[in-house]
Each structure stands twice: as structure tokens, then as C-alpha cells.
Amino acid sequence: MDEVLNLRSFYLRLIRKIWILPAAMAIGGFLAGTVYFLTTTVYGPAKSYSATATIYIDFAYDETGTVVDWYNAYTWNILMTTDDIIDETMENLKEAGIPEITDPSVVSGISSGVSREEVLESTSADLPSDVRVMVLTITNNDKDLANAILEASAASLENFGETHDEFISISKIGGKEAELVTYTDRTTAAIVAGIVFGFLVAFFGMLLWNTLDDAVYVPEDVENRYKVTLLGIMTKSGVQMPDRFRNELIEAMNLYCKDKSRIELIAAGNWEDDSKSKEDSMRLHEMVEGPFDFNKTSVTGIEIPGNKTDSYRVIRETDGVIITIPAGKRCASAADHLIGQLKKHNCNIFGIILTDVDIKFLKRYYRMK
């Protein structure tokens with residue numbers, strides 16, 4: 001966590017996994033669109049219909065005009081709930097063949113009837129710009145019932161105008177039959193938001209994952225992290241290594257190890273046995289044998305010290321150790337522990353070899369042809 005992130009290595013590895021970004025964007029867009037569809041259509045509110053009527057109010061103006069001032073959108077909505085209007089509305093509905101429902105278990109409808117509470121909830125009065133013109137709106141889940149309530153309410157208002165001295169008359173001058181209430185379709189916006197969210201989650205998730213990644217990928221990462229000499233790199237068995245990297249390993253081995261008689265090789269991260277250490281030892285022989293004399297300097301693979309009580313004593317009897325760390329494997333923290341233990345027991349560490357290196361990736365990192 002204290003290291004400076006190797007951005008070049010990170011972005012090169014990101015390019016190799018760039019498919020994650022469009023995949024996350026596609027998944028994010030699909031999920032957002034699906035959730036929006038389910039919440040607004042499948043599990044959204046039931047369809048509703050809205051019917052409107054334009055009501056003209058002819059006031060009997062007095063000298064002060066205070067009566068007119070009292071009537072506004074707020075007061076009309078209150079008046080629609082008073083007995084003078086709602087009783088007349090329910091009576092008009094009854095005459096139209098729609099009885100009043102008093103039993104809550106009965107479902108409302110054009111034939112079964114409607115409750116007083118539903119009529120009140122469906123009704124809204126508004127005065128858009130002129131106190132003399134009211135827009136009466138009825139919103140209901142039943143299209144025919146919405147039209148019937150509108151006609152009954154308009155007739156009730158006309159009767160209200162005839163029976164109150166403040167008005168000369170109240171009359172319906174226009175209207176619009178019930179139509180399906182539609183809402184703005186934001187499916188596209190939801191999908192776009194999901195795509196953006198998917199991209200951000202994937203990108204920052206990959207960035208966080210790389211920040212927590214303790215693996216090493218390039219030689220520079222090894223020396224920056226462990227402050228131990230890097231002897232060189234090795235590819236996997238069967239993968240040809242460029243002469244440049246092979247020569248670097250040969251020269252480093254001759255520089256640090258040729259005068260020694262016995263060296264142990266330890267593969268970091270393989271806690272169980274010495275199989276990986278022996279495999280890396282054999283690969284090292286394949287890579288540098290000839291230019292480096294293994295007859296004078298014995299290099300053998302052993303398991304990580306600690307599994308046996310005398311393992312550190314065995315290492316102290318040698319000239320020192322070489323540590324191998326596989327590139328890209330999340331075992332670099334284990335290598336930290338191993339190096340710390342070796343130093344604690346005064347074991348000489350000649351250097352580190354980065355194994356299982358991806359040569360194609362390394363060539364792109366160094367911009368090599």
C-alpha cells in the first residue's frame with residue numbers, strides 16, 4: 001500500500017483486460033433498463049385515466065369584490081368535499097346507474113358503484129389564470145367511471161351556482177373525455193446511467209484491485225519493493241527467452257555467484273514442499289548452464305525454511321540463497337516474510353530471479369520490437 005503504483009504496468013495490464021469495461025457497461029445498462037422497466041411497468045402503479053371539464057363561473061359581483069377573492073384553487077378543492085357538492089355528486093351518479101359503495105370489500109366500477117372517498121380522491125379543481133374559469137380534473141383507474149364522475153361533479157357545480165347568491169351561474173363550457181395518463185419514458189436515460197455506472201465501478205474496481213495486488217510483474221517492481229538485487233528473469237519452461245534477458249541473467253549470476261560453492265534456491269509462495277524450488281533450479285540450469293559453471297557452484301532447490309526445525313541451520317551452512325518469485329502471482333507478501341526471516345538468521349541473499357515472466361507483456365512494457 002505504501003508503494004507508488006506503476007501506472008505503465010497497470011495500464012498495459014488493463015488493456016489486456018479491457019473487455020471487462022465494455023462488459024461491465026453492457027451489464028450496467030441492461031440492469032438499469034430492466035430495473036426501470038420493472039419498477040415503472042411491471043410493478044409500477046396501475047394505469048389511470050384523466051378526464052377534464054372547463055367550468056365557467058359567473059360571479060354576482062358586490063361593491064367590494066371580497067366574495068370573488070375568497071374563491072381560489074385551494075378553496076374550490078375544499079368546497080368539492082363539502083356536503084353541498086359531494087352529496088349532489090353522489091346523487092347524480094346514482095341517477096346515472098352508479099350506486100354509492102359503503103362496503104370496503106366491494107370493488108368499484110361503472111356497474112358495481114363507487115365510494116364517496118374514491119370520488120373525493122379522484123377530484124381536483126384548479127384555476128389556471130382566471131378566477132372565472134375552473135379546470136375540473138377527474139383521475140381514476142376506470143376510464144368509464146372517470147367520465148361518469150366528471151359529468152356528475154360538473155352537474156353538481158352547476159346546481160351549486162344556482163343555489164348560492166355569490167354566483168349568477170356556474171356552467172360547463174367544454175371538456176375532454178378520459179384519456180390514459182402517460183409518463184415521460186426515461187428508459188434511455190436509465191440505460192445510459194447504468195452504462196456510466198458500470199464503467200465507473202469496473203474501472204475503479206480494477207484500480208483498487210491493482211492497488212491491493214501484491215504481485216510483481218516487471219523487474220523494476222522487484223528492486224523497488226524488496227531492495228534486493230535482481231539477478232534477472234526466467235520464462236516458463238518451453239518458452240524461448242530473448243538473448244538480451246538471458247545474457248543479463250548470465251552476467252548477474254557470474255558477478256554475484258561464480259565464486260561460491262553451494263547456493264540454495266528457494267521459490268517464494270510455495271509453502272507446501274520443494275517442488276517449485278526444484279523446478280526453478282532446473283530451469284535456471286537450462287538458461288545459464290555453460291556460461292555459468294554449475295560444477296563449481298552447486299545450485300539446488302529447497303523448500304521455504306520453517307517447515308523443518310533445522311532448515312535455517314542448513315541454509316547457514318551454505319554460501320547463501322537465491323529467491324525466485326513468479327511474475328503475476330499473488331505471493332509477493334510471502335516473499336516479504338521470507339526475506340525478513342532470512343535476514344533475521346543472517347542468511348546471505350545473493351539476489352532475486354523473477355520467474356514465469358510473460359515476455360510479450362515485458363516487450364510491450366519496454367517498447368521492444
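Derivation of every value follows stated rules applied to the coordinates shown; laboratory data play no part. Only a predicted model underlies this, so the values are computations on that prediction, with no experimental measurement involved. In this analysis, Cβ positions are derived from the backbone assuming ideal geometry, glycine residues included, and neighbour counts consider all displayed protein chains.
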Between residue 7 and residue 38, what is the FRET efficiency for a Förster distance of 51 Å, r being their Cβ-Cβ separation, to the nearest 0.05? 0.80
Distance in nm between pseudo-label sites at residue 294 and residue 273 (7 Å out along the Cβ direction from Cα): 2.0
Qualifying chymotrypsin sites (Phe, Trp or Tyr not before Pro) in region 166-238, DSSP loop, other Cβ atoms within 10 Å at most 14: 183
Taking all pairs of different Cα atoms in region 49-180, averaging 1/r and flipping that mean, what Kirkwood radius in angstroms comes out? 15.0
Within the chain, helix-based [θ] at 222 nm, where runs of 4 or more DSSP H residues each add -39,500 (n - 2.57), nearest 500: -14500 deg cm²/dmol
Return, ordered by residue number, the residues of region 208-238 whose backbone nitrogen is under 18 Å from a label point located 7 Å along Cα→Cβ of residue 16. 208-222, 233-238
Cβ-based exposure ranking for 166, 264, in which fewest neighbours within 10 Å come first: 166, 264
Over 22 Å between alpha carbons, listed pairs 94/172; 278/329; 276/344; 17/329; 308/343; 329/360: 276/344
Mean projected area (nm²) from the convex hull of Cα positions in region 219-366 is 8.3
Test of understanding: ordering 165, 214, 358 by Cβ neighbours within 10 Å, fewest first, what list do you get? 165, 214, 358
For the peptides 297-304, 72-79, 152-159, what is the packing order when you average, over each peptide's residues, the other Cβ atoms within 10 Å and list the highest mean first? 152-159, 297-304, 72-79
Quick check: residue separation of residue 208 and residue 115 times 0.36 nm, minus the Cα distance between them. What number comes out in nm? 27.5 nm
Based on the Cα atoms of the chain, what semi-axes does the equivalent ellipsoid have, where each is the square root of 5 times one gyration tensor eigenvalue, given in whole Å with the largest first? 91, 20, 18
If amide hydrogens are placed 1.01 Å from N in the peptide plane, which non-local residues have theirs closer than 5 Å to the one on residue 324? 266, 267, 268, 353
Just to check, using Stokes-Einstein with a Kirkwood Rh over alpha carbon pairs, what's the diffusion coefficient of region 140-231 at 20 °C and 1.002 mPa s in µm²/s? 103
